Structure formats: structure tokens, C-alpha cells
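The values are calculated or read from the model by the stated rules, or taken from the named source; none is laboratory data. From a predicted model like this one, the values you see are computed outputs, not experimental measurements. Here the Cβ positions follow ideal geometry from the backbone for every residue, glycine too, while neighbour counts run over all protein chains shown. For accessibility, only protein heavy atoms count, side chains too; no ligands or nucleic acids. Shrake-Rupley method; radii C 1.70, N 1.55, O 1.52, S 1.80 Å.
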Amino acid sequence: MSLLELKNVYKIYGDLHALDDVSLKVEKGEWVSIMGPSGSGKSTMMNIIGCMDKPSKGEVLLDGVDISKESKKNLTNIRRDKIGLIFQQFHLVNYLTAVENVMLAQYYHSIPDEKEALEALERVGLGDRAKHLPSQLSGGEQQRVCVARALINYPEVILADEPTGNLDEANEEIVVELFHKLHNEGTTLIVVTHDPEVAEVAQRTLVLRSGKLSKEIVNENFTGKIHFD
Amino acid sequence: MKKRKMFIRMITASLMRRRSRMIVALLSIAIGATILSGLVSIYYDVPRQMGAQFRNYGANMIFTGEDGSLGLDEVIAGEKKIDPAELVGAAPYRYENVRINDIPVVAAGTDPQGVQKTSPYWRVEGSWFSGGGELLVGASVAESFRIKSGDVIDVSFTPAAQEDESGEEEFVMDNFKTFTVMGILQTGGSEENYIYMSLDDLRELTGTEGSIDVAELSVSAGQEELSAYIDAINSGVKGVHASLVKRVTASEATVLTKLQALVLLVTIVVLALTMICVATTMTAVVAERRKEIGLRKAIGASDKSIIQEFMGESMLLGLLGGALGSVLGYVFAQQVSINVFSSSISFRPVLVPVTVIASIAVTGISSLMPIRSATDVDPAMVLKGE
């Protein structure tokens, strides 16, 4: 059974077909990029996979559960338990420190554990910045806090929306390197991006155009090795 | 337990690290709490304050004899029924017809200290009288006899004639006593028609024990308490008939009721204004934090936990504002009391928890609507925005 499966999914706003008969599968442990120009339906797809929106038609199976039929409340629970979200805008709570932001995800999920949160920050190389507020961190560091927060509850899948969109090249490399690390540890990654450089390091790239899947590129050279050390 | 710790850590971080924002909310709550606790202090202190003020207008209770005669001992027995802390003063009066230069005038024997307390509005030119041949002369008497303070005058009294064996009245000599006029009394009322001396002096002048005609008492108490005293005295003290000076007590009660109603009305208006102010502030706080709410929901917060967090924050604000307000409220009430009533207010410890709880409740209730609207935030919409 695939971890994620979309079967003939539509999302229709009036006359606009934001998603138009999309079907795809993502296997456990896979690293998939979703690419496309703006307006191609990437965000809509991201929202549906992220349990923040429901399709107009079709089935979305996450870990065998059809999330297109679930109530808003259940969707919150599924999102909390199975999905780790990473956003383009970093989105940290600005009055909580880095470690507290990571603990926030634990708080909503189960029980906050400061030690574990600190370890997660160490994994993303921010062990010494744990007590800093987001305003005292650089963009790259903030995004790494988001990565630590996304993976703290051991989600089934990490869903990243333009994770490097607001980062400079050096920080982009750090984040991509982190993705490699997570992939090697068996985490399923779905990365929405319009940056070909970020997209092509994945195992597979799905290209969306006008709400339809137009192309699928398999990365023949994918080794799974960490590129930067 | 650990979860609760994180909850407290979050809401204190929100208040402490967003200080400039929160200070505005805290101030609006604290000002509301200040006015609230100040006004409640004043509300409860008004009867005491006004009671003391009203006591300047004279006695509010009188004792008379049941059969026309009243002994000093009976008056004292009656006074004992009244809480000494509430008894401002008592003055017994014994009236006798005496003569000055052979012209009749009414002399009142009384307790000089008692009168000073029951009739604080008496204005005296010269000095106050005490026992030992000292006299206070009413202004109209003084005018008729051209008496001024410092004069030494003789006052005479004609004892009742006794009948001899033949049935004819025996001739009796007048009693004389020399008095020093200490002061001239001006009240603008009938008190100016009398001369005042101590009871002992009057006894010496008349040569008889006599009886008290009336005793005036000034009691600092509410109307209900006064009525209770009246009942206790009338049923418990033989020979004394106590009654209220209705003119005084009824107008006291009317003024008090109106004043308290006014304070209550102002308190309610302030409470309503505080609620509007807090609700507005909380609406602004929620609007400003839509993104944060969206983020929290995106990473798995339920509506319930969003409500809990914001409610926790606003109640903590209510607690701090209430604590601050109860201290400032005392200062406020004290200032009002000193400036309006010229006396200090007593600190009521019970007002501290009452203010804090009221402040938490008001903040909680007025935050309810804005916080409920916080749960409508759609995480997908908010997180997309630049």
C-alpha cells in the first residue's frame, strides 16, 4: 500500500479547475518533488495533502485513510499525527524561543519534552541557538527550526512548501542537505517548489500544469548520498 | 503536568515578550479595576462618611420620661444600650424658670461636654462653659439684658411656696447664685432664648434634684440600626421613652440612598466601558495574531486549545490588572474620601480578592467573542499570505 494516493482528484472553484483529475502515488520513504509555475495548482495540492483543504471530487488516501471524507476536526488530528509542515515564510511563533517553537508541536501532539526538542535542534545544527527568539535568528536558521519542528513528532510524511524560496544559496544547500539526511533515515518527503535545482535532487519530480499532472521525471542519478558535508 | 507547564510558559512568554502590546491591554483592565474597586470602597464607606457629616446637624434621637419625669440614671441606662463607638454624644436638658434682674428667663441645665457633641453647629462668641458657676447665654437673652461675655450676673430662683397650717402660702426667699458669663450663643434658632448652665449649678440654684425634661443623643448609625436601638431602649429601659428625630433621620436616609444609587450607577457604567475596552483590545490582539493562530492550527492545535491559550492569556491579564487595580483603587478611594469628605477611608482586605475575581471575570467575558472568532482562522489561507 502506498503511503499517499490521490485518485482522480478535482478541486473546483466556480469555473476554475485548480486540480483537474489528478492521480498519483507516493511510497513510504520516497522523496518526491512537485514542480510547476505559479497558478498550476501546487498550493491547492499541498493544502489537500496537508489536510488543510478538501477536494471537490476524488479520493485522497493517506496511510490507508480517505482524508477527503474526514471532518475538519479529524483533519486537524491527522495533520498533527502524520504530517510535518515546512513553509516558505518560516512561520515561527515570534515570542517563543527556537526550542519552545519545537516544543509547541510536541505540545499539540502529545507531551512537550525539552530534551528531545533540543536534540532535534542539534540535528539541524542549531543546538547553540535554542534559546534565541526567531528575530535573533537568520532566515536559514529560522527555516532549520521549522525543519526541527516538522520532524519532532516523527511524522509519516514531511510536506514542504517552497522551503528554500526565501533562502540564499548557502542556506538552501544546508536545507537540501537536511532533506537528504531525513531521506536517508527513512522519512517520506514531499517538496513543493518551482526551483528546478531543488526539485531535481529528489528521486522523482511531478510537474503540474493548469491543474493536471503533465510530466513525471525520475532522477536516474539519485544516489541518496549527502551531497554536502 | 508537563503540558500545563508548557501552557503557562507559553502564556507568560506571550505577555512578557510582547510587553508593549500587552501593556495597553493591561492598563485598560487596571484602570477599570481601579475605578471599580475605588467606587465599591466609596459605596460602602459613604454611610459612615455621610453619617459623620450628618452628625454636624444635631441630635437624631431623643429620650423623654414616660410619665413626664426622667432621672439622670435612666438616661445613662438608656445610653448604655447604644454601641459606645456609635454614640457621638448625649446631652440631658432640665429646664427651669429663673430670673435675671427680676425678669423671668428659662434656664437649661445640661452637660456642657455632651452639648458640644450633640450640637456641633452652635456658634459661641467668647468661650464654652463648664460647671462651677459658668454660664452660656442665648443671643436674644443677651440682647435684652445687655449681657456680654465676661459679665458677672446674679440669677435668682423662686422655690415653690409651701402652705402653712392655716392654708395660706408661706413667704419664701428667692435663691441666688452668681454666674460668670463665658459666652454668647448664636444658633439662629430658639436656643438663643435660653441660658445654659451645668446640671449641678442648676441643682444648687433651685435647691432641688428636679428631673430631666429631655435628653438629646447623636448616634452615628443607619436608620435600621437606629430603629433597633429605639426598640431595645423602649422595651429594656424602664422609665425612658426613646424616639427618633424623624426630620433628621429621614433626610439622612434619603440622601444616602440617592448617593449610593449614584455611585452604583457610575460603577455599572464603568464596568460596561471596561468590558467594551477589553473586548476591543482583545479583538485587536486576535486580529494581529491571525497568522500565529493559523500556524498553531496548521501544526495541530484544536479549536479548544486555541481558545484555552487565548483565554489563559486574557485571564492572566485580568489577574494582573485586578491586582494592580485593587491597590490603585484604594489610593483612588482614599484621595476621593480626603478631598470630598475630609476623612480617610478604611482599607477593606476583602476588596482585593473581589476586585481580582471581578477583573478576571470581566476580562474573560469580554474576550469570549473575539477569541471565538480566532477559531475561524483558516490555516491554509493565513499561511499562504506574504
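Label separation (A:Arg209 vs B:Arg4): 6.0 nm, computed from points 7 Å beyond Cα along the C-beta direction. Using +1 at the Cβ of each Lys and Arg and -1 at the Cβ of each Asp and Glu in the range B:60-244, identify which of B:Val181, B:Val214, B:Ser156 lies farthest towards the dipole's positive end. It is B:Val181, whose Cα lies furthest towards the positive end. Residues whose amide H comes within less than 5 Å of that of A:His132, counting only those at least five positions distant or on another chain, are A:Ala98, A:Val99 (H built at 1.01 Å from N in the peptide plane).
Per residue of chain A, what 222 nm ellipticity follows from adding -39500 (n - 2.57) for every DSSP H run with n ≥ 4, rounded to the nearest 500? Write down the numbers at each step before the final one.
Numbers: 7 runs with 74 residues, N = 229.
About -9500 deg cm²/dmol.
What a 1.4 Å probe finds exposed on the range B:60-244 is 46% carbon and sulfur by accessible area, rounded to a whole percent. Note that the range B:15-64 presents 43 Å² accessible area per residue, ligands and nucleic acids not counted, probe 1.4 Å.
Relative to the longest principal axis of the Cα atoms of chain B, helix B:19-54 runs at roughly 20 degrees. Computed from Cα atoms, the angle from the helix A:139-151 axis to the main principal axis of chain A rounds to 70 degrees.
When both bridge partners sit in the protein assembly as shown, DSSP labels roughly 65% of those beta bridges antiparallel.
For B:Phe145, the accessible area of its heavy atoms, probed at 1.4 Å with every protein chain present, is near 40 square angstrom. Relative to the longest principal axis of the Cα atoms of chain A, the long axis of helix A:114-123 lies at roughly 70 degrees.
Per-residue Cβ counts within 10 Å, from other chains only, averaged over B:16-25: what number is that? If you can, show how the numbers build up before the last one.
Values: counts 1, 7, 2, 1, 0, 1, 0, 0, 0, 0.
What the average comes to for B:16-25 is 1.
Here's the list of aspartates and glutamates a cross-link from A:Lys131 could span, going by alpha-carbon distance under 20 Å and ignoring same-chain residues fewer than 8 apart: A:Glu100, A:Asp113, A:Glu114, A:Glu116, A:Glu119, A:Glu122, A:Glu141, B:Glu292. Counting, for every residue in A:105-113, the Cβ atoms of other protein chains within 10 Å of its Cβ and taking the mean gives 5. Per-residue Karplus couplings for the range A:5-20, computed as 6.51 cos²θ - 1.76 cosθ + 1.60 with θ equal to phi - 60°, are listed in order as 9, 9, 10, 6, 8, 10, 9, 10, 10, x, 8, 8, 9, 5, 10, 10 Hz, Gly and Pro entered as x.
Only beta bridges with both residues in the range B:60-244 are counted; by DSSP, about 80 percent of them are antiparallel. Within the same chain, lysines fewer than 8 places from B:Lys148 are excluded, and of the rest, those with a Cα less than 19 Å from its Cα are B:Lys177.
Which of the three applies to the protein assembly as shown, rounded, prolate or oblate, going by the alpha-carbon gyration tensor with a ≥ b ≥ c and a/c under 1.5 meaning rounded? Write out the running numbers ahead of the final one.
Working: a/c = 5.48, a/b = 4.70, b/c = 1.17.
It is prolate, given that a/c is not under 1.5 and a/b is the larger ratio.
Straight-distance candidates among the aspartates and glutamates for linking to A:Lys25, with alpha-carbon spacing under 16 Å and chain neighbours fewer than 8 residues away dropped: A:Glu5, A:Glu59, A:Asp63, A:Asp66, A:Glu156, A:Glu216.
Phi angles across the range A:47-60 convert, under the Karplus curve 6.51 cos²θ - 1.76 cosθ + 1.60 with θ = phi - 60°, into 3J(HN,Hα) values of 5, 6, 5, x, 6, 9, 8, 10, x, 6, 8, x, 10, 10 Hz, Gly and Pro given as x.
Rounded to the nearest 500 deg cm²/dmol, what is the calculated helix-only ellipticity per residue at 222 nm for chain B, with -39500 (n - 2.57) per DSSP H run of length n ≥ 4? Working shown, then result.
Details: 12 runs with 212 residues, N = 386.
My calculation for chain B gives -18500 deg cm²/dmol from helical runs alone.
Accessible area buried by the pairing of B and A, both sides summed with a 1.4 Å probe, works out to roughly 2800 Å². Among the listed pairs A:Lys57/A:Lys215; A:Lys28/A:Lys69; A:Lys54/B:Lys2; B:Lys81/B:Lys258; B:Lys5/B:Lys291, those with a Cα-Cα distance over 27 Å are A:Lys54/B:Lys2; B:Lys81/B:Lys258. Each part gets one Cα centre, and for the range A:13-68 versus the range B:176-245 those centres are 99 Å apart. For chain A, modelled as a GNM with alpha-carbon contacts under 10 angstrom, which of A:Ile158, A:Ile190, A:Ile12 fluctuates the most? Highest fluctuation among the options: A:Ile12.
Between rounded, prolate and oblate, where does the range B:60-244 land on the alpha carbon gyration tensor, with a ≥ b ≥ c its root eigenvalues, rounded for a/c under 1.5, else prolate if a/b exceeds b/c? Because a/c hits 1.5 or more and a/b fails to exceed b/c, the range B:60-244 counts as oblate. The range B:80-139 and the range B:8-76 have Cα centres lying 35 Å from one another. Taking every residue in A:69-79 and counting other chain Cβ atoms within 10 Å of its Cβ, the average works out to 2. Using a cutoff of 8 angstrom between alpha carbon atoms and counting only pairs six or more residues apart, the relative contact order for chain B works out to 28 percent.
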